[in-house]
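A quick write-up on the structure given underneath.
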Amino acid sequence: MKTYERESFLKSFFIFLILLEVLLAINFWNENQVKKIEIEDKIHIEMKLCAYTSDCKGLKTDFVDKDDDKEENILYKDGDFYGYFKVPTTENYLMKIVYPGLQYIERVQQLENKLFKRFFFYSILAALVSLLFSIYALLPLQRALRINEEFVKDILHDFNTPISSMLINLKIFKREIGDNPKIQRLENNIESILSLQDNLRIFLKGVPAQSENFSLEELMKNRVNYFQVLYPDIQYKISIEKIYLKTNKDAFTRIVDNLLSNAGKYNIANGEVSIVFQGDSLTISDTGKGIKKPSKVFQRYYKEQDRGIGIGLHIVKKLCDEMAIEIHIKSRENEGTSISLNLSSVILPEEKD
């Protein structure tokens, strides 16, 4: 189950479960109140039986003077329950019958324990129902996602033949006429398409598990040379010490390519891109347009420009999360953007020392 499928499943499960639990709680609270009233009614009946049959087990009795303040056959509560009842042999006295409050509390506790056990049982049933409901609700989403993924995979596969043909013909053409800046740009553009294909594959499959050792400085210089051709008016500045990383090189290259591509694509004319490694962090800064809402840029399909489809930085965040690389972004409109990657988890230990 993928992250967004798991998120959808958990949200459906907990929302439905919470609704059922609220309904159960209301029902059992109402039942508890009704049962407590029934207990009080039973206590009153027991008092009446005590007065008429002298069967007063669990009750305390006394005789008090009759007066206007003492209403007969009424259940009073003041810590203990008590009531006043007629004495057949005299008109001047009333029998006061007391039901101890502790006994009432014990009866209420027994009731609440019984109700709690029932509530717990029904809560388990509610969880099972919520689970089945969530699975049932998730199935159409999973089918739609699978169809979408298969469609994208088919497109990626169909792209391979024309792109490979273009590369072969460009290489033949290059041999015939020699090096040419225009041909180089065409090759770089085709590589950009291939890079987008790799992004989509990663988007569908996730990060490959294998890792390798490589030089951060060499990788960054190589990628800067590539983007320098695509954005010849941008000035790239690199300040990286001799550092080696141990992680999936292809996935890390995807991260770097997306960041450098955005830094060049959304930069101002004759702008700058600065790549600096300091401490354990690699920071890529530009002098571009900036971002209105930096907190949203890692969301899938979010974009502030007409160009692109809004998955580049989402893929960057996904890759960083799976590679245990912390990513932070700072941006101001019309001033530029700075993105930092904390590489402490992928730097070779001997290099960190």
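The values are calculated or read from the model by the stated rules, or taken from the named source; none is laboratory data. Since this is a predicted model, take the numbers as computed values, not measurements. FYI the Cβ positions are ideal-geometry reconstructions off the backbone, even for glycines, and counts take in every protein chain you see.
The table for this structure:
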{"item": "Region 269-303, subset modelled with pLDDT of 90 or more and of a type in the set (A, V, I, L, M), residue nearest to residue 233 (Cα to Cα)", "result": "273"}
{"item": "Residue satisfying all of: in region 323-343; within 20 Å of the chain's Cα centre (by Cα) and surrounded by 14 or more Cβ atoms within 10 Å (Cβ to Cβ); farthest from residue 271 (Cα to Cα) among these", "result": "323"}
{"item": "Qualifying positions in region 49-85 - more than 20 Å from residue 102 (Cα to Cα) and in a helix (DSSP H, G or I)", "result": "49, 51, 52, 53"}
{"item": "Scan of region 233-252 for residues that are under 21 Å from residue 314 (Cα atoms) and either in contact with a helix residue (DSSP H, G or I) (Cβ under 7 Å, 6 or more places away or on another chain) or basic (Lys, Arg) (or both), ordered by number", "result": "249, 251"}
{"item": "Residue match in region 300-307 (condition: outside any loop (DSSP other than H, G, I, E, B) and either touching a helix residue (DSSP H, G or I) at 6+ places or on another chain (Cβ under 6 Å) or surrounded by fewer than 15 Cβ atoms within 10 Å (Cβ to Cβ) (or both))", "result": "no"}
{"item": "Hey, residue 226 among the hydroxyl-bearing types (Ser, Thr, Tyr), at pLDDT 75 or above, part of a helix (DSSP H, G or I) and within 30 Å of residue 279 (Cα to Cα) or not", "result": "yes"}
{"item": "Subset tally (residues that are in a loop (DSSP other than H, G, I, E, B) and at pLDDT below 90) for region 86-120", "result": "6"}
{"item": "Residue count for region 78-108, restricted to those that are exposed (fewer than 11 other Cβ atoms within 10 Å of the Cβ) and under 53 Å from the mean Cα position of the chain (by Cα)", "result": "4"}
{"item": "Residue match in region 284-295 (condition: surrounded by fewer than 16 Cβ atoms within 10 Å (Cβ to Cβ), among the charged types (D, E, K, R) and either without any contact (Cβ under 8 Å) to a residue 60 or more places away in the chain or assigned by TED's automatic domain parsing to the domain that holds residue 218 (or both))", "result": "yes"}
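Matching residues to (1) of a type in the set (S, T, N, Q); (2) under 15 Å from residue 225 (Cα atoms); (3) crowded, with 18+ Cβ neighbours inside 10 Å:
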site	(1), (2), (3)
255	no, no, yes
258	yes, yes, yes
262	yes, no, yes
266	no, no, yes
275	no, yes, yes
